[in-house]
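Here the structure comes first, spelled out in structure tokens, and everything after it is commentary.
Where a number appears in this text, it was derived from the coordinates with a stated rule and is not lab data. Everything numeric here is computed off the predicted structure, so don't read it as measured data. Positions of Cβ are backbone-derived with ideal geometry, glycine not excepted, and every protein chain shown enters the neighbour counts.
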Amino acid sequence: FINEAEIEYAKSRIQPYDDAFAFDLAERGRLKEGLFDPVRINTVPHKPWQVRERPVPMAHYEKLLEFLREKLAKGVMEPSIGAYASPWFVVAKKDG
């Protein structure tokens, strides 16, 4: 579908940016600080809403903890004790 010269050209164009590519989930991370200005979202005065956490089935608990620890270690997630909760739930994939 592409010839050897085209492959070599693509490699030469991509190589300087190889840190921008992730080939597995462990390599994914965050953008470097300073690349973009922080985003400020203006709101009107209000009482923050609260949502109850959804229970996590014990069968998924250890895998969930492993997932969360990995995301925290990579800097993809960060702890928060803000007024707003981020509701989420666990769904098992068909392939396990």
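Worth a mention:
- Residue tally, condition under 19 Å from the mean Cα position of the chain (by Cα) and either of a type in the set (Asp, Glu) or within 18 Å of LEU25 (Cα to Cα) (or both), over the range 38-61: 0
- Positions within the range 31-77 being touching a helix residue (DSSP H, G or I) at 6+ places or on another chain (Cβ under 7 Å) and either within 24 Å of ASP19 (Cβ to Cβ) or without any contact (Cβ under 8 Å) to a residue 12 or more places away in the chain (or both), in sequence order: MET77
- Residue match in the range 11-18 (condition: basic (Lys, Arg), part of a helix (DSSP H, G or I) and surrounded by 10 or more Cβ atoms within 10 Å (Cβ to Cβ)): yes
- Residues of the range 38-65 classified as within 23 Å of TYR84 (Cα to Cα) and part of a loop (DSSP other than H, G, I, E, B), total: 19
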